[in-house]
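Below is one structure, written out as structure tokens, with a few remarks after it.
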Amino acid sequence: LYRGNDPYYHYRSTNFVIENYPFTMPFDPWTGFDVGNRVGQFGTIFDQMVATAALVVGLGSPSQETVVLTTLFAAPVFATLCAIPMYYIGKRLGGRFGGIVSVMFVALAPDSLLAQSLAGTPDHQVAEALFLGLSVLGLMIALRAAERELPAYELLVEREFGLLRRTLGWSLIAGVAFGAYLWVWPPAVWLYG
């Protein structure tokens with residue numbers, strides 16, 4: 001059913017999350033065989049989201065067939081959701097036409113996103129693309145809000161938060177999106193650095 005090594009890892013990790021919800025697997029005896037290895041950058045929110053979907057579909061007690069089907073179709077679902085931030089990023093840069101072109105480019109380009117989002121390849125790369133898009137969109141909106149409101153340090157000192165509401169709100173949303181992106185793939189800090 002699965003293509004490659006990583007899908008089997010994520011299947012095991014998803015099963016661990018289901019059995020110990022919401023905690024992820026801290027140590028994997030099969031990674032770095034024969035001594036095992038600390039999980040580190042793997043076993044992140046991706047496995048938690050897939051496990052949550054399996055728990056919802058399985059009504060709190062999913063069968064192994066439900067877990068397998070959920071992991072099989074996780075990547076295509078994440079890839080489909082990538083269209084949402086891409087549309088709004090394209091729309092902010094080139095109007096409605098730019099948004100449609102962005103979504104068409106993501107949907108039709110024969111690139112690694114397409115290869116990683118096939119059914120049977122449950123891996124975190126597609127979730128990385130989704131959360132990268134969400135964090136870039138949040139950052140774009142936060143910068144636009146700051147450009148409109150022109151926040152000043154004095155407003156923070158005087159505690160005039162009403163004048164900074166949009167800037168602070170969108171900055172918080174951008175920060176949460178970036179945090180989720182880091183939770184999917186911790187080395188992403190290098191990309192933003």
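The values are calculated or read from the model by the stated rules, or taken from the named source; none is laboratory data. Please read these numbers as outputs of a predicted model, since none were measured by experiment. Virtual Cβ from ideal backbone geometry, glycine too; neighbours counted across all protein chains shown. SASA here: full protein model, heavy atoms, side chains in, ligands and nucleic acids out. Shrake-Rupley method; radii C 1.70, N 1.55, O 1.52, S 1.80 Å.
When the residues of segment 101-129 are filtered to those that are β-branched (Val, Ile, Thr) and part of a helix (DSSP H, G or I), the one that is surrounded by the most Cβ atoms within 10 Å (Cβ to Cβ) is Val126. If you filter segment 118-171 down to residues that are closer than 30 Å to Ser13 by Cα and acidic (Asp, Glu), you find that the one that is farthest from the chain's Cα centre (by Cα) is Asp123.
Restricting attention to segment 46-59, does a residue exist that is more than 24 Å from Ile18 (Cα to Cα), in contact (Cβ under 8 Å) with a residue 12 or more places away in the chain and either touching a Leu at 6+ places or on another chain (Cβ under 6 Å) or in a helix (DSSP H, G or I) (or both)? The answer is no, given that none of the residues of segment 46-59 is more than 24 Å from Ile18 (Cα to Cα), in contact (Cβ under 8 Å) with a residue 12 or more places away in the chain and either touching a Leu at 6+ places or on another chain (Cβ under 6 Å) or in a helix (DSSP H, G or I) (or both). None of Thr24, Thr80, Thr52 is open to solvent by 40 Å² or more (accessible area, probe 1.4 Å), modelled with pLDDT under 90 and hydroxyl-bearing (Ser, Thr, Tyr) except Thr24. Here Gly98 meets each of (1) under 25 Å from Ala180 (Cα atoms); (2) in contact with a helix residue (DSSP H, G or I) (Cβ under 7 Å, 6 or more places away or on another chain); (3) in a helix (DSSP H, G or I); (4) open to solvent by less than 40 Å² (accessible area, probe 1.4 Å) with one exception, condition (1). Among the residues of segment 43-70, which ones are aliphatic (A, V, I, L, M) and under 22 Å from the mean Cα position of the chain (by Cα)? The answer is Ile45, Met49, Val50, Ala51, Ala53, Ala54, Leu55, Val56, Val57, Val67, Val68, Leu69. Look at (1) without any contact (Cβ under 8 Å) to a residue 60 or more places away in the chain; (2) over 19 Å from the mean Cα position of the chain (by Cα) and you find that Ala75 fails only one, number (2).
Being of a type in the set (Gly, Ala, Ser) and touching a residue at least 24 places away in the same chain (Cβ under 8 Å) is a property that does not hold for Ala152. Pairs, please: C-beta under 8 Å, at least 6 apart or cross-chain, first residue part of a helix (DSSP H, G or I) and in segment 181-193, second open to solvent by 70 Å² or more (accessible area, probe 1.4 Å)? Listed pairs, sorted by first residue: Leu182/Val189.
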